[in-house]
Amino acid sequence: MIPEESFGSVKNKMMSASLALEELLVTAQKQDCLTVGIYESAKLLNTDPDSVVLCVLAADDEDDVALQIHFTLLQSFCCDSGITILRVLGVQRLRQLLGAVDANRNQEECRDLHCLLVTNPQVEHYRLQEVGMYCQESRRIDQWIPELALQER
């Protein structure tokens, strides 16, 4: 059983990491350092994996077998390449965040938010570091692929 103060601490870390991730993704999109979509992400990982600093895999439906196969392949590639991976629940929140940044963006880009790659290590550096620390701590407690749940607002 987890002591009450430990549970509160974990919850606070998750909330902080969620907010950091949201800010990081919005900033990365504004700076054109965000690759959106499974196919686009696979292309980038194939051509320039060294430019990728974070892979976000988002899904609310664990029953989508095809999506889980894509995730397994992406996770394997990212692990082999030393890229930090984060699983996220809250595709609708991602849609809110990334759709609101630039209304002139092609709607096609907004459809597939299941895989997001952050490609610039300087982008909102302290937020990237905060998300990275959360992932490291999660792996230390045997969570192979760290997870976060984004809260709709």
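Descriptive notes on the structure:
- Residues E130, E22, E62, ordered by accessible area of protein heavy atoms at a 1.4 angstrom probe radius and largest first, appear as E62, E130, E22.
- Once divided by 2.2 N^0.38 Å, the Cα radius of gyration of the range 1-94 becomes 1.22.
- Phi angles across the range 39-55 convert, under the Karplus curve 6.51 cos²θ - 1.76 cosθ + 1.60 with θ = phi - 60°, into 3J(HN,Hα) values of 5, 5, 5, 4, 4, 5, 4, 6, 8, 8, x, 5, 7, 8, 10, 7, 10 Hz, Gly and Pro given as x.
- Straight-line cross-link reach from K30 at under 22 Å between alpha-carbon atoms covers these lysines, not counting any fewer than eight positions away in the same chain: K43.
- Heavy atoms of Y39 accessible to a 1.4 Å probe, total area in Å² rounded to 10: 150 Å²
The values are calculated or read from the model by the stated rules, or taken from the named source; none is laboratory data. These numbers were taken from a predicted model, which means no experiment stands behind them. Quick note on the areas: whole protein, heavy atoms, side chains included, nothing else; ligands and nucleic acids left out. Shrake-Rupley method; radii C 1.70, N 1.55, O 1.52, S 1.80 Å.
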